[in-house]
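Comments concern the structure below.
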Amino acid sequence: MLLAIETGTAACSVALIDGTAIVAARHEIIGRGHSERLVPLVEAVLAESGARPRAIAVDVGPGSFTGLRVGIAAARGFGLVWDVPVHGFSSMTLLAARAFAASDAPHLTAVLDAGRGEVFVQAFGRDLQAAAPVAALPVAAAAAACAGPLAGTGAPLLKDAGSPAAVLSDTPPDARDVRLLPPSLRTLPPTPLYVRAPDAKLPA
């Protein structure tokens, strides 16, 4: 029984997964306020299922700095209280897994809106192996460079910038899709994957 937590984007989602079956789940598009919504969503999922997770998987990024920190801190806290292991998964791999499950595309590029006129991009083969590390690119550069189908919240941005690539999905990651990941891709260290420097700067 695995508790999956995704807080790295505008969505806040939680799912309790048994093998490949979704036991209970909540998914809300909230924009901000993950710290206020996450615990109530976890409580709702556990109350609905009546079960206690034996492991936790949490989104480690890339994504919102604040959202990632909220999710990882909560996952670690739950892990200590319940005495269960805590692991991570990539938001990009999660996007790819869902898109491949819904299409027969042999490859695709996962694209997340990174704000500040940029997107996070990473190409995948159907075996969910990444062709290269995730990168943060200006939207125009990504539109020119990304070939093949697109999946994720950054896809419409690339289309608006002139990309001819087909869009397989334009929705944020969903914790329910962790069931589509092989164990090796949902047992990453539970530490944030920061692709670029944080927006906030310490005063000089």
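For the reader, a short list of remarks on this structure follows.
- Identity of the residue in segment 6-32, more than 19 Å from Gly77 (Cα to Cα) and part of a loop (DSSP other than H, G, I, E, B), that ends up least open to solvent (accessible area, probe 1.4 Å): Thr9
- Qualifying residue in segment 83-92 (condition: open to solvent by 10 Å² or more (accessible area, probe 1.4 Å) and in a helix (DSSP H, G or I)): no
- Within segment 33-47, restricting attention to residues that are farther than 19 Å from Leu68 by Cα and surrounded by 14 or more Cβ atoms within 10 Å (Cβ to Cβ), the residue that is nearest to the chain's Cα centre (by Cα) is Val45.
- Residue list for segment 44-63, restricted to those being farther than 13 Å from Leu2 by Cα and either part of a strand (DSSP E or B) or among the acidic types (Asp, Glu) (or both): Glu48, Asp59, Val60, Gly61
- Hits in segment 87-118 - residues which are modelled with pLDDT of 95 or more, among the aliphatic types (A, V, I, L, M) and under 14 Å from the mean Cα position of the chain (by Cα): Met92, Leu94, Leu95, Ala96, Ala97, Ala99, Ala110, Val111, Leu112
- Any pair with Cβ under 8 angstrom, 6 or more apart, that starts in segment 133-144 at a residue that is more than 15 Å from Gly115 (Cβ to Cβ) and ends at one that is of a type in the set (A, V, I, L, M) and surrounded by fewer than 17 Cβ atoms within 10 Å (Cβ to Cβ): Ala140/Ala161; Ala143/Ala161
- Cβ-Cβ under 6 Å pairs, at least 6 apart or on other chains, segment 44-70 side touching a residue at least 60 places away in the same chain (Cβ under 8 Å), far side aromatic (Phe, Trp, Tyr) and open to solvent by less than 30 Å² (accessible area, probe 1.4 Å): Ala57/Phe89; Pro62/Phe120
- Some residue of segment 82-92 being touching a strand residue (DSSP E or B) at 6+ places or on another chain (Cβ under 7 Å), polar (S, T, N, Q) and in contact (Cβ under 8 Å) with a residue 40 or more places away in the chain: yes
- Residue match in segment 17-36 (condition: among the hydroxyl-bearing types (Ser, Thr, Tyr), farther than 21 Å from Pro172 by Cβ and in contact (Cβ under 8 Å) with a residue 12 or more places away in the chain): yes
- Summed over segment 49-63, the residues that are in contact with a strand residue (DSSP E or B) (Cβ under 8 Å, 6 or more places away or on another chain) and either of a type in the set (Lys, Arg) or modelled with pLDDT under 95 (or both) give a count of 5.
- Filter pass, Leu41 being in contact with a His (Cβ under 9 Å, 6 or more places away or on another chain) and not in a strand (DSSP E or B): yes
The values are calculated or read from the model by the stated rules, or taken from the named source; none is laboratory data. As the structure is a computational prediction, the values presented were derived from the model and not from experiment. Glycine also receives a Cβ, built like all others from the backbone with ideal geometry; neighbour counts cover every protein chain displayed. To get the accessible areas, we keep the full protein, side chains included, count just its heavy atoms, and leave off ligands, DNA and RNA. Shrake-Rupley method; radii C 1.70, N 1.55, O 1.52, S 1.80 Å.
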